[in-house]
Amino acid sequence: MSDRLPDGLRELLRTAAGAGSGPWHQLLRPGDWLLLLVSAALVAVSYPLLWRGGVADRAIVKRDGQLVTELALNVPRRFEVEGAIGTTVIEVQPGRARVLSDPGPRQYCVQQGWLTRVNAVAICAPNHVTLQLGGRGGANAGYDSINY
């Protein structure tokens, strides 16, 4: 069978098997490098175009699952919500929102930081308060992730 293989393939198989192995990059031809470069550029360009969650335009504040208020993300402001164990303070800046303070013991919702993407959520479980961003997000805007 080895007498039917082209010389380049025979040499490649011999190199892959370990006989006279050298650095892998010596096996690449100029066209291979060009293909790798074009592929890397295509990935870099398509990432920001395809991997975005939409534009957030409002902050939705809920207490015990009931809507308390919706705040536009175009005007800086602070909003206080009375929860089960105290007051949660929501801060809104243009294009983002966060839980500034919460009476909960572990401060997970405060540590969440600034929320900027559609459907991002900060949950203050002990105080029964949630902050979620809403807006335009494309075909699957209502889903954080899709599972089968």
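Values quoted throughout were computed directly from the atomic coordinates according to the rules given, and no laboratory measurement underlies them. This structure is a prediction, so every number in the text was calculated from the model and none was measured. Note: ideal-geometry Cβ built from the backbone for every residue, glycine included; neighbour counts use all protein chains shown.
Counting other C-beta atoms within 10 Å, which of CYS109, CYS124 has the fewest, and how do the rest follow?
So the residues, fewest neighbours to most, are CYS109, CYS124.
Rank these for me by crowding, ILE85, ILE90, going from fewest to most other beta carbons within 10 Å.
The order, fewest Cβ neighbours first, is ILE85, ILE90.
Among VAL99, VAL55, VAL43, which comes first, second and so on when ranked by fewest other beta-carbon atoms within 10 Å? Kindly include the intermediate steps, with their values, before the conclusion.
On the way: VAL99 28, VAL55 15, VAL43 9.
Fewest-to-most Cβ neighbours within 10 Å comes out as VAL43, VAL55, VAL99.
Could you please report the charge total around PRO76, scoring K, R as +1 and D, E as -1 over all other residues with beta-carbon less than 14 angstrom from its beta-carbon?
Numbers: positive: ARG77, ARG78, ARG96, ARG98; negative: GLU91.
So the surrounding residues net to +3.
What shape does the range 55-136 take by its C-alpha gyration tensor, where a ≥ b ≥ c are the square roots of the eigenvalues and a/c under 1.5 counts as rounded, a/b above b/c as prolate, and the rest as oblate?
prolate
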